[in-house]
Amino acid sequence: MFTRLCSPFQTRGNALVFIIILGIGGSFQNGFHVTVISSPSPYIWSFINSSWIGRYEETPPAQTVKLLWSAIVSMYAVGGLLGSMSVRCIAVRFGRKRAMIWNNVVSIVAAVIMFTSRGANSFEMILIARFLFGFTAGLGANIHAIYLGESSPKKIRGMVTLTFATFISIGKLSGQFFGLREILGREDSWNILLCVSTCFSVVQLLTLPFFPEAPRYLLIEKGNTEACKKALQSLWGRGEYKLEMTEMVLEQAAIKGETSKSLLELLRDRSVRWQLITMVVMYGCIQFSGITAISVFSFDIFKEAGIPLDKIRYVTLGVGVSEVLTSITCGLLIESVGRRALLWGGFGAMSAIMILITITLNLKDYSFWIPYSTVGLIFLFVIFYGGGPAGVLPSLTHEIFIQSCRPAAFVFTGILRWLGFAVLGLVFPFLIELLKSFSFVLFACMCLLASFYIFFYLPETKGKTLLEISEEFKNITLCENPLSDDKTLETRL
């Protein structure tokens, strides 16, 4: 997919290297920390026990250990939530590039705390490090998505922004790979395992200063036409880029010099009400689609399915490979098939698969092959997730908001994503203990809800300018009455 990114333009630019550098310090970090925590979970449970005994000279209650473990998982989401909430302030004040650079410094601090936690015999340091890792993942992932969207030409905007999802998938796969017993998935190296992603943060810290700031940010917010043109040429090769710059000028004129909206201003703006509803439905349904549960608690799910303990890590690695390959395939299809079909079809298939997973988990003792069919269904679920919602949503989030609304919109979507992650991370261990396999019925219902909403309400965004997309959302009606009654944006100079 990456080799096709530059095909509509001259390939003498630095776009391909830029996308890779941005990815390894952006959404890659998010994906890595989501899955890497699964492999050392038994060792962290043991560490909590030993740390507690060494401190209080008594064995901690089982519920206390479970609560601390859930807190370690959820603290990452709490940090991610705060990182997402700060994206507007930091990205507007420092710019996209400088914000990413400073984000890497925080990641390095988190790695130092995590690395030393084992020697200090302190599970509190794990909580602090997980919080900081979450903060950098929440901030970095949002800036990564904004930076990509504001640096990509319209013709390949979907393909470029989809690399955000590809690097999440690569991060998940890397977390699973480094978590293998043969690599770092051992009791004597779990603290090193949880710090591996910081090596990629260091690479971005050293190389990103040599790349330009986001072209749309330079022109629309800073009013620097010449710097914008140079940035486009640096990324995509020589050219005048008249169409791209004209679109930016039109958007700049439409917002009439309006500064970046705050989150409260965005929520009060009726002209973007349908966009906000779309994000609530999409991010809410993704968080409760089951993919987060599969990523974080894959060990427990495969154990419940009856897979031998010594095989589980290799099965989860295969799941990660399938998600990466599907994300790349989605990148090849998104500009031809469009966003809507990939989204509603993906969610619909995920709903059906979750029902089948519930059935196979309840019938696992009837035949030796049923647990393996559960594994196959999980593979299918991940394939439809990577080829649908995961691949398309980063592009859609960028496309449905204009420049003045986008930073606040990413704060809003970050709150939705990380709150959902925190709630699910805290509740799922107890939910699966209480409901067992029937917890997946809830996930199936959420996927079906998203599929219906997209099919009946979401407009297609493929090949359209951001102002044209904004107009289409204004034309959505509910019971023949438009939800937004504001005047449309002026699209001419």
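The values are calculated or read from the model by the stated rules, or taken from the named source; none is laboratory data. All values derive from a computational prediction rather than experimental measurement. For neighbour counting, all protein chains shown are included, and Cβ atoms are generated from backbone atoms with ideal geometry for every residue, glycine included. Accessible surface areas use protein heavy atoms only, side chains included; no ligands, DNA or RNA. Shrake-Rupley method; radii C 1.70, N 1.55, O 1.52, S 1.80 Å.
For residue 58 and residue 430, calculate 0.36 nm times their separation in residues minus their Cα-Cα distance, and state this gained length in nm to one decimal. Each step should come with its number before you reach the end.
Details: separation 372, 0.36 × 372 = 133.92 nm, distance 2.46 nm.
Extending this stretch completely gives an extra 131.5 nm.
Obtain the nm distance between the two label points defined at residue 472 and residue 262 by a simple spin-label model: each point lies 7 Å from its Cα along the Cα-to-C-beta direction.
For the pair residue 472/residue 262, the computed spacing is 3.3 nm.
What Kirkwood radius, in Å to one decimal, follows from the Cα pairs of region 118-198?
Working: mean 1/r = 0.0674 Å⁻¹.
Hydrodynamic radius (Kirkwood, Cα only) of region 118-198 equals 14.8 Å.
In nm, to one decimal, how far is the residue 109 label point from the residue 181 one, both placed 7 Å along Cα→Cβ?
3.9
Are there trypsin sites (Lys or Arg not before Pro) in region 225-266 that DSSP puts in a loop and that have at most 15 other Cβ atoms within 10 Å, and which ones? Intermediate results must be reported in sequence, preceding the final value.
On the way: sites: 229, 230, 238, 242, 256, 261; in loops: 238, 256, 261.
Those satisfying the criteria are 238, 256.
Please sort 102-112, 382-392, 343-353, 55-65 by packing, taking for each peptide the average over its residues of neighbouring beta carbons within 10 angstrom, highest first. Intermediate results must be reported in sequence, preceding the final value.
Numbers: 102-112: 19.3, 382-392: 26.5, 343-353: 22.5, 55-65: 11.3.
Ranked by mean Cβ neighbours within 10 Å, highest first: 382-392, 343-353, 102-112, 55-65.
Roll a 1.4 angstrom probe over the protein heavy atoms and tell me the percent of accessible area of the chain that is carbon or sulfur.
C and S atoms contribute 66 percent here.
Can you give the calculated 222 nm mean residue ellipticity of the chain, where each DSSP H run of n ≥ 4 adds -39,500 (n - 2.57) and the sum is split over every residue, rounded to the nearest 500 deg cm²/dmol? Mind showing how you got there, number by number?
Values: 22 runs with 354 residues, N = 493.
Calculated mean residue ellipticity at 222 nm is -24000 deg cm²/dmol.
Just to compare against my own numbers: the Cα pair-distance distribution for region 259-476, 10 Å bins, whole % per bin, please.
8, 32, 33, 18, 7, 1, 0
For a 22 Å ceiling on Cα separation, which of these pairs sit above it: 230/464; 230/261; 97/261; 97/222; 97/230; 311/364?
Details: 230/464 24 Å; 230/261 27 Å; 97/261 20 Å; 97/222 14 Å; 97/230 15 Å; 311/364 17 Å.
Going by Cα-Cα distance, 230/464; 230/261 fall outside the 22 Å limit.
What spacing in nm lies between the two simple spin-label points modelled at residue 92 and residue 210, each 7 Å away from Cα in the Cβ direction?
3.4
Please list the equivalent ellipsoid semi-axes of region 132-177, computed as the square roots of five times the alpha-carbon gyration tensor eigenvalues, in descending order and whole angstrom.
Working: eigenvalues 99, 43, 4 Å².
Its equivalent ellipsoid spans semi-axes of 22, 15, 4 Å.
Given R₀ = 60 Å, FRET efficiency for residue 438-residue 121 by Cβ-Cβ distance, to 0.05? Don't jump to the answer; show the numbers that get you there.
On the way: r = 40 Å, r/R0 = 0.66.
Taking R0 as 60 Å, the efficiency between residue 438 and residue 121 is 0.90.
In Å and from the alpha-carbon atoms only, list the Rg and Dmax of the chain.
Computed over the Cα atoms of the chain, radius of gyration and Dmax are 22.5, 74 Å.
At q = 0.09, 0.19, 0.21, 0.22 Å⁻¹, what log₁₀ I(q)/I(0) does a Debye calculation on the Cα points of region 143-287 give, no solvent, two decimals?
The computed values of log10 I(q)/I(0) come out as -0.45, -1.23, -1.33, -1.37.
Which value results when the Cα radius of gyration for region 14-211 is divided by 2.2 N^0.38 Å? Please list the in-between numbers first.
Values: Rg = 17.6 Å, N = 198, 2.2 N^0.38 = 16.4 Å.
That works out to 1.07 for region 14-211.
Would any residue of region 243-285 have its amide N under 12 Å from a label point 7 Å out along Cα→Cβ of residue 155? List them or say none.
Correct set: 243-244.
Using 0.36 nm per residue of separation minus the Cα-Cα distance, give me the extension gain between residue 309 and residue 71 in nm, one decimal.
On the way: separation 238, 0.36 × 238 = 85.68 nm, distance 2.46 nm.
So the chain would gain 83.2 nm between residue 309 and residue 71.
I need to check one value: relative contact order of the chain, counting alpha carbon pairs closer than 8 Å and at least 6 residues apart, in percent. Present the calculation step by step, with values, prior to reporting the outcome.
Values: 788 pairs, mean separation 120.2, N = 493.
Dividing the mean separation by the residue count of the chain yields 24 percent.
How long are the semi-axes of the equivalent ellipsoid of region 217-266, defined as square roots of 5 times the Cα gyration tensor eigenvalues? Whole Å, largest first. Could you put the intermediate results ahead of the total?
Details: eigenvalues 118, 25, 15 Å².
Working through the eigenvalues yields semi-axes of 24, 11, 9 Å.
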